[in-house]
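Below is one structure, written out as structure tokens; comments come after it.
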Amino acid sequence: MAKTGFLARDLLNWSAGMVAMPALGGRFIGLFTTAPTDADTGSVEVSGGAYARAQVAGQLATSAATSNSATLTFSAVPAWIKAGMTVLDLTTPADIGAGVTVASTTGTTVTLSASVTVGLGDNITFSTFPAATSEGPASVVSGSIISFPQATASWGTVVAWGLFDAATAGDLLYWDWIGNDPWFPFDGTLASPGVLTAYGITAGSVPALANGASVVLTGRFGGTLPTGLSPETVYTVALLSADTFNVGVNTTATGAGLVRQLTEQPIAINVTFSIPSGDLAIYES
């Protein structure tokens with residue numbers, strides 16, 4: 001998981017008292033066929049074929065008061081609000097306790113996991129991510145399914161996802177590779193091609209690592225990559241033996257880093273792609 005330079009800069013400026021915290025807005029998940037960098041350069045987001053980012057957070061104003069009831073009433077409930085989303089009252093924060101989630105929806109109502117009391121016109125926020133409660137490191141994991149439109153043409157092969165602050169354009173806040181395989185430390189040799197020894201990756205990857213599998217590398221928290229290998233690049237495993245393999249690239253200096261298997265997702269015409277609850281996580285050290 002990578003926090004973009006845009007978000008890091010604005011968080012530092014807010015922490016230093018240089019800018020005001022922006023108003024809370026909607027959040028959207030986008031899909032990439034070429035992954036971005038932390039500077040949000042070089043990425044290729046899916047386009048065409050009815051593609052649209054999936055909304056995962058936003059606000060609605062109640063159209064009626066609720067007194068000790070699990071049902072909230074709105075003029076219209078959009079389709080992006082789904083079971084499992086976390087619910088908070090921005091107008092009167094104490095009115096909805098911690099841990100309350102969406103149980104079900106209709107065209108004008110949202111049924112919650114607990115009874116609440118909120119006022120008419122209260123601004124209610126919904127998010128697939130719960131509020132973080134731990135400190136350094138902290139993480140939040142998606143609590144609802146994330147659905148995209150049915151593809152009317154091929155979307156290509158998706159390799160990464162990003163969290164945006166707008167439905168189109170806007171700013172990329174976080175991004176990560178598709179799939180939830182863990183990172184493993186590796187040492188790399190100077191060779192043609194360079195040989196990687198990734199400790200525990202054969203037993204720890206799901207599915208098990210095999211020749212032809214896709215992997216990605218990073219030097220983040222793990223050292224300096226062997227010269228010739230790059231982050232934000234998808235490589236193919238070859239000559240796998242236990243935890244040792246190569247990715248077909250000649251290296252001119254030794255190095256070390258982290259490696260993980262990548263679950264690429266080809267999305268063909270007529271496919272309706274979705275990300276199951278629990279499959280997206282945002283980490284903060």
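Each reported figure results from applying straightforward, stated rules to the coordinates on display, with no laboratory input. Quick caveat: nothing in here was measured; it's all calculated off a predicted structure. Here Cβ is always computed from backbone atoms with ideal geometry, including for glycine, and neighbour counts include all displayed protein chains.
Give the peptides 156-162, 7-13 in descending order of average Cβ contacts within 10 Å, highest first.
Averaged packing, sorted descending, gives the order 156-162, 7-13.
L120 to E135: extension gain in nm, 0.36 nm per residue of separation minus the Cα-Cα distance?
Full extension of this stretch gives 1.9 nm more.
Could I have the simple spin-label model distance between A20 and A52, label points 7 Å from Cα toward Cβ, reported in nm to one decimal?
With each label point 7 Å from Cα toward Cβ, the separation is 3.1 nm.
Mind listing the Cα extents of segment 74-166 along all three principal axes, in Å, largest one first?
If we take the Cα atoms of segment 74-166, the spans are 46, 40, 22 Å.
Would you calculate the convex hull of the Cα atoms in the chain and tell me its volume per residue in Å³?
In the chain, the Cα convex hull volume per residue is 146 Å³.
With 10 angstrom as the radius, rank Y283, Y199, Y51 by how many other C-beta atoms surround their C-beta, starting from the fewest.
Lowest to highest Cβ neighbour count: Y199, Y283, Y51.
Mind ranking 69-75, 40-46 by how tightly packed they are, going by the mean number of other C-beta atoms within 10 angstrom, highest first?
69-75, 40-46
Go ahead and run the numbers for FRET between T71 and D279, Cβ-Cβ distance against an R0 of 30 Å, rounding to 0.05.
0.55
Wrap a convex hull around the Cα atoms of segment 184-262, take a quarter of its surface area, and give that in square nanometres.
Across all orientations, segment 184-262 yields a mean hull projection of 4.2 nm².
Between segment 244-285 and segment 77-114, how many Å separate their Cα centres?
33 Å
Rounded, prolate or oblate: which fits segment 1-88 when a ≥ b ≥ c are the square roots of the eigenvalues of the alpha-carbon gyration tensor, with rounded for a/c under 1.5 and prolate only if a/b beats b/c?
oblate
Tilt of helix 5-15 relative to the longest C-alpha principal axis of the chain, in degrees (0 to 90, nearest 10)?
50 degrees
Using Cα-Cα distances under 8 Å and only pairs 6 or more residues apart, what relative contact order does segment 58-126 have, in percent?
Rounded, it is 46 percent for segment 58-126.
I'd like the FRET efficiency for A203 and A61, computed as 1/(1 + (r/R0)^6) with the beta carbon distance as r and R0 of 45 Å, rounded to 0.05.
The calculated FRET efficiency here is 0.30.
If neighbour count is taken as other Cβ atoms inside 10 Å, put S113, S134 in order from fewest to most.
Final ranking by Cβ density, sparse to dense: S134, S113.
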